[in-house]
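Below is one structure, written out as structure tokens; comments come after it.
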Amino acid sequence: MSTEVFAKAPPDELFQLEVDTWTQPYWDAAKNHQLKLPKCGDCQQYCELGASHCRHCLSQNISWVEHSGSGKVYSFTIIRFPVIPSLQDSVPYVPAVIELDGVDGLKLISNVVDAPLSEIDVGSAVSLRWHDREDGVSLPRFTLAK
Amino acid sequence: MKIAKQAAVVGIGATPYYRRGESHPQTFNELICKAIINATEDAGLSVKDIDGFSYYSFGTDTGLLMESLGIPEVRYSSMVSGGGGGSVGAVQNAAMAVATGAANVVVVPFCMQQPTGKRYGSIMSQIDPTPDKAFFMAGGLVGPGHFFAMLAKRHMHQYGTRREAFCEVAMSTRENAITRPGARFQKALTKEEYFAGPMIADPLCRYDFCLENDIAGALVITSAERAKDLKQRPAYVLNGEQGGRREWGRSIAWMNMPDEYFASAGHASIAKHLYADVGITAADVDVALLYDHFSPMVVMQLEDYGFCARGEGGAFVEDGNIRFKGGSIPVNTHGGNLSEAYAVGITHMIEGVQQIRGTATNQVKDAEIALVTGGPASLPVSGLLLSR
């Protein structure tokens, strides 16, 4: 009998989405289950998420290019202790920094969900798993790649 | 900064170190006033001599302080941006203010007082949502420890750092607190207890987290010239530096640091300028008061400040190098944030001054140069050298 513990997910009520001009395209794409990353339309390098200018060439011509969501765990933590009461039913969950395949200079903060804790490690291959919230916001999360 | 030894810390003061939430019904402003009065008395000055305030981590209201303390005129009032990263930057600003003649007696006050029922350890769940914070808030990062755990995990992966190193930081810091009057934790911590401690945010267990306290503290800074005639041996401001590199940037609120920065404390550039400006190296530092909100960040600061090579912090610590007794660089001789108390950097500044005066509880013999750091945190981060 396996007693493997699986990663859960943080509760929705922890977070309310606020957007601005420069993050709206990211969250709009997420609603359609598309992971889109900001790339400079002029110098073709990835830009910072939410930045108003390309930090390389200062262009504001930021285009949003779709990514498959396949990548690797760059680092992670396992939250085991509910520091606030609303986390009680959500632990353990796994915040992670995700390095996306082929993307240089832009890592995502997300969660690894629905995976055995013992199998999650730095370097683990992950794939996208969308989480649709009741308020209409969709979050890109990740699970261990098959 | 090119004003070595033109300014000095001449007074230190603090309230008792309370457990979080237990300083009530005293008010925030009241606690700060008490610390300032203590610090000016320590210096042999009157509060009426104060003509400048230098704040960090959101500071407080200069006008309110003047009302309570009867300070007639202020000619300098400024604050380092950001949070605990900039803590010792406030001493640098104060030193610049007196060295340039902008003001004569500048106070760096800080107060941390927790409202009942809320705690700093879950601070990220109490902040208003903004577009830039959406990315980490969506990931369920609620307390500072959740973020720093990911830096620690990466350091372990990249350099083979072991939990035994974090344990040694916690144990050595605790040992220093045992004899320190007013320290919150004064019972020795064993390796067995450490490893039996509950895991909070892997790889951080209970003993890797700092305390949460109610404390006000204050430093009084004046010119080197005036310092000569005051009550205490001056702790000269040898150098100060605040800021940091874009690659570190918002650090934990961003997590986009490249490899060489991610598993670090973000202080490497601070260290470089701090030493180079005054022609010293890490070997010249006698005691290091390193902001220890989380034990792994001590390991990473030891690397940033050149006490050991990048990636070797774990082994360096495990070899006993940061011990007060017998270590090559005694660290957090007051018991640090992990065992003495936590108040966003002010307690480290107080200990730095005591070490230079020669009056510290765990006095490093003939300490001539003390390093005091601000928190590894979003920019600005900061570093300070105090000297005889």
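The values are calculated or read from the model by the stated rules, or taken from the named source; none is laboratory data. Worth saying up front: this structure is predicted, and the values here are computed from it rather than measured. Don't worry about glycine lacking a Cβ; one is built from the backbone with ideal geometry, like all the others, and counts go over all protein chains shown. We work out accessible area using only protein heavy atoms, side chains counted, and drop any ligands, DNA or RNA first. Shrake-Rupley method; radii C 1.70, N 1.55, O 1.52, S 1.80 Å.
What to note about this one:
- Candidate lysines - alpha carbon under 21 Å from B:Lys228, same-chain residues fewer than 8 apart omitted: B:Lys2, B:Lys5, B:Lys48
- Counting only protein heavy atoms and a 1.4 Å probe, the protein assembly as shown has 37 square angstrom of accessible area per residue.
- Between B:Leu219 and B:Val108, the built amide H atoms are under 5 Å apart, and every one of these is 5 or more places off in sequence or on another chain.
- Shown in residue order for the range A:115-121 are the 3J(HN,Hα) couplings computed by the Karplus curve 6.51 cos²θ - 1.76 cosθ + 1.60 at θ = phi - 60°: 9, x, 4, 5, 9, 8, 8 Hz (x for Gly and Pro).
- Taking the average, over residues, of other Cβ atoms within 10 Å as the packing measure, peptides B:187-197, A:23-33 rank A:23-33, B:187-197 from highest down.
- Candidate residues B:Asp128, B:Asp259: accessible-area rank, largest first, probe 1.4 Å: B:Asp128, B:Asp259
- Each Cα pair under 8 Å and six or more residues apart adds its separation to the average, and for the range B:14-101 the resulting relative contact order is 27 percent.
- Where labels lie 7 Å past Cα in the beta-carbon direction, separation of B:Thr281 and A:Thr3 in nm: 5.4 nm
- Per-residue Karplus couplings for the range B:167-181, computed as 6.51 cos²θ - 1.76 cosθ + 1.60 with θ equal to phi - 60°, are listed in order as 4, 5, 4, 5, 5, 5, 5, 4, 4, 5, 6, 4, 9, 7, x Hz, Gly and Pro entered as x.
- Taking the DSSP beta bridges with both ends in the protein assembly as shown, the antiparallel portion is around 85 percent.
- Just the protein heavy atoms count here, and of the accessible area of the range B:148-258 at 1.4 Å, carbon and sulfur take up 50 percent.
- Whole-percent carbon and sulfur share, accessible surface of the range A:35-120, 1.4 Å: 44 percent
- For the pair A and B, the buried accessible area comes to roughly 3100 Å² in total, with a 1.4 Å probe and the value rounded to the nearest 100.
- From helices alone, the protein assembly as shown scores -7000 deg cm²/dmol at 222 nm; the rule is -39500 (n - 2.57) for each run of n ≥ 4 DSSP H residues, then divide by the residue total.
- Size of charge dipole - the protein assembly as shown - debye, nearest 20, with Cβ of Lys, Arg +1 and Asp, Glu -1, no other charges: 700 debye
- Electrostatic tally near A:Asp12: other residues with Cβ closer than 14 Å to its Cβ, Lys and Arg +1, Asp and Glu -1, net -2.
- Close amide H partners of B:Val287, meaning residues 5 or more places away or on another chain with modelled amide H under 5 Å apart, are B:Ile369, B:Leu371.
- Residues whose amide H falls under 5 Å from that of A:Tyr74, counting only those 5 or more places apart or on a different chain, are A:Val97, A:Ile98, A:Glu99, A:Gly123, with hydrogens built in the peptide plane.
- Average beta carbon contacts from partner chains per residue of B:144-157, 10 Å cutoff: 4
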